[in-house]
Amino acid sequence: MDTETSSFETSEMLANFLASTPLLSESWRLCNLANANSPQGFVAEQIGSIGYLAFSGIESVSGSDPSFKNLLPLPDVANSMFTPLHRQTEGEEPVLVQGALLRIFENIYKDPSFQNQMQTLMQTSKSIIFTGHSVGGATASLAALWLLSYLQSNFLNLSVLCITFGSPLLGNETLSRAILREKWGGKFCHVVSKYDIMPRMLFVPMDPIAPLIKPLLHFWHMYMNSPHFGLLAVPLSDDSMAQIFKYVLFHLEKLVEAGEEAVTGMLRPFGNYFFCSEDGAICVDNAASVVKMMYLLFAMGTSSSSIGDHLKYGDYVGKISLQFLEKRSFMQGELPESSYEAGIVLALQSTGMSCKEPTAGPAKVCLQAARRLGRTPNLNCANLAIKLSKINPYRAQIEWYKALCDRSDDQMGYYDSFKQRGASKRDFRVNLNRHKLAQFWDNVINLFESNQLPHDFYRQGKWVNASQFYKLLVEPLDIAEYYRTGMHRSKGHYIDHGRERRYRIFDRWWKERSVRGEDYKRSKFASLTQDTCFWARVEEARDLLDALRSTSDPSHLALLWQKIDSFASYANALVETKEVSIDVVAKNSSYSLWLKDYNELKSQMVQFRPLFLSFVNEEVVP
């Protein structure tokens with residue numbers, strides 16, 4: 001067995017634990033109540049210290065798209081409804097959700113009675129549970145995301161859980177990533193019955209079957225609103241049901257065959273999926289495994305069961321309990337060799353799947369992959385921490401090198417000593433260490449962007465601080481090497497044309513970190529210059545002075561002086577606030593030499609001021 005896999009299969013145990021609580025039964029009871037009699041689209045109820053809010057599954061918006069194909073961005077940050085979900089990484093598309101479902105939630109959110117009920121529940125409850133059946137499940141998810149965002153933005157502590165029944169997919173991969181980054185995945189439990197087509201429909205292109213969706217929703221809504229009158233409703237024809245079933249099954253199969261990359265499409269599951277049958281239930285939280293399990297269970301059904309199963313969650317909830325474990329045995333085959341294998345067998349039985357069925361083999365692999373993939377990011381993070389400790393000597397050697405340069409008799413400082421280095425072993429070793437550290441951090445970024453690290457990795461203080469210290473220490477050396485080798489002549493200046501992508505990523509990590517407390521004033525120079533591009537700005541300023549000496553065009557002169565004075569003010573502010581390292585103000589550093597040239601030119605301008613005033617704006621040139 002893979003060493004990364006747990007010794008125990010936990011999907012069934014997690015499902016058993018949830019089934020042993022009253023959460024599922026109470027949630028379903030309120031879902032039925034919301035479906036049957038809720039003119040406002042929701043019902044609220046307090047049970048002990050738990051507040052429940054159930055959303056109707058028969059809500060609709062006039063003119064909404066029955067095929068659920070239109071995606072809209074969540075309200076922007078200025079709206080403050082979903083602020084934490086808008087922290088995308090570089091290159092990510094915005095958070096998108098199904099437009100019709102978003103409009104349903106927004107209509108409810110604007111209702112004063114909803115706001116009043118939420119205020120009451122928040123004041124009287126220790127926990128709030130959002131729930132909903134069908135479309136109401138998606139509304140419940142949006143409500144939970146709104147409340148989680150509100151609580152985080154206002155530093156409030158309240159337990160939140162969302163339980164949905166047969167909910168359609170809600171949003172794109174960016175939404176799923178954002179929920180994982182905020183560590184909210186465990187707050188969502190999506191109950192999906194064995195054959196229900198509703199949670200599976202939005203995995204596939206909807207246009208070809210769009211004309212059939214509206215009558216299907218109408219049939220479901222009538223039954224959900226009143227099961228007795230729903231029996232009188234005219235269901236879809238056998239041909240229509242077969243057409244929808246075969247279409248969804250075909251595309252689900254293609255999706256599974258395409259592998260995990262295909263799961264990163266337009267819509268993506270998030271949270272925990274509670275797959276239930278008459279024989280029990282299992283919990284799966286890995287997106288790729290969720291999709292595969294949806295296909296394997298769906299493939300065992302029929303067209304009529306895929307429609308009817310959407311209306312049978314009450315039956316499943318009523319039958320799921322810990323007592324069904326007593327009815328299980330391993331007599332149908334050989335005894336499992338380990339507790340893990342035994343757990344796999346029990347999990348398969350919980351889905352109503354016999355170990356002898358053709359789908360049992362792929363389902364077993366799916367459950368094993370779900371557990372292994374669920375743990376891998378944390379294991380990779382732990383391994384990275386070990387590797388970080390191993391590369392620390394390289395960083396320490398560069399720190400030692402900086403200290404030597406800052407104390408050197410030539411008074412050039414860290415940056416200029418490396419830029420003008422010779423062929424000594426010490427210089428060679430420092431340059432080699434620079435490359436080794438770059439390889440390590442590039443690997444960190446590759447792991448993070450390929451989802452092999454926890455989604456909140458970039459917020460963990462250990463890694464935010466380590467990446468920032470690396471940037472402060474090593475980027476000046478990269479700048480020195482860039483100008484030492486003359487790359488600026490062929491590519492352009494460093495900041496716009498030579499800066500490595502990892503530094504831009506680390507800038508963003510540092511800016512998005514959680515910081516509390518007031519700013520403080522330094523009493524001595526910083527150990528490392530806080531603007532890691534400072535030396536690149538110095539190099540640009542040196543070119544500006546050279547250009548100033550070689551031009552006579554009045555308008556160009558004015559523009560050059562404006563840029564030079566702007567940098568001089570910026571650099572002086574950094575020095576005054578001691579936001580630079582001591583090497584910046586070393587006697588023979590590039591900055592000190594530039595400042596000397598700058599002051600000399602300024603003196604010449606004051607001396608020959610009448611000659612310059614004829615063609616230079618007096619507001620620009622002092």
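The values are calculated or read from the model by the stated rules, or taken from the named source; none is laboratory data. From a predicted model like this one, the values you see are computed outputs, not experimental measurements. As a convention, Cβ positions derive from the backbone with ideal geometry for all residues, glycine included, and neighbour counts pool all protein chains shown. Each accessible area value is taken on the protein alone, full model and side chains, heavy atoms only, with ligands, DNA and RNA left out. Shrake-Rupley method; radii C 1.70, N 1.55, O 1.52, S 1.80 Å.
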Taking region 473-505 and keeping only residues that are in contact (Cβ under 8 Å) with a residue 60 or more places away in the chain and in contact with a Lys or Arg (Cβ under 7 Å, 6 or more places away or on another chain), one is left with 473, 474, 477, 480, 483, 484
By residue number, the members of region 409-436 that are farther than 13 Å from residue 394 by Cα and among the polar types (S, T, N, Q) are 411, 417, 420, 424
When (1) free of Cβ contacts under 8 Å to residues at least 24 places away in the same chain; (2) loosely packed, with under 13 Cβ neighbours inside 10 Å; (3) not in a helix (DSSP H, G or I) are applied to residue 408, the one that fails is (2)
Return yes when residue 480 is open to solvent by 10 Å² or more (accessible area, probe 1.4 Å), assigned to a helix (DSSP H, G or I), closer than 26 Å to residue 418 by Cα and out of contact with any Pro (no Cβ under 7 Å at 6 or more places or on another chain) and no when it is not.
no
For region 29-54, pairs from a residue that is without any contact (Cβ under 8 Å) to a residue 40 or more places away in the chain to a residue that is of a type in the set (Gly, Ala, Ser) and in a strand (DSSP E or B), with Cβ under 7 Å and 6 or more apart or across chains, are 33/54; 43/54
Considering region 411-420, residues that are open to solvent by 20 Å² or more (accessible area, probe 1.4 Å) and under 12 Å from residue 481 (Cα atoms), and then whichever is nearest to the chain's Cα centre (by Cα), we arrive at 419
So, first residue more than 11 Å from residue 28 (Cβ to Cβ) and in contact (Cβ under 8 Å) with a residue 12 or more places away in the chain in region 163-174, second residue surrounded by fewer than 24 Cβ atoms within 10 Å (Cβ to Cβ) and of a type in the set (Lys, Arg), Cβ within less than 8 Å, six or more apart or across chains; the pairs are 169/268; 171/268; 172/268; 173/268
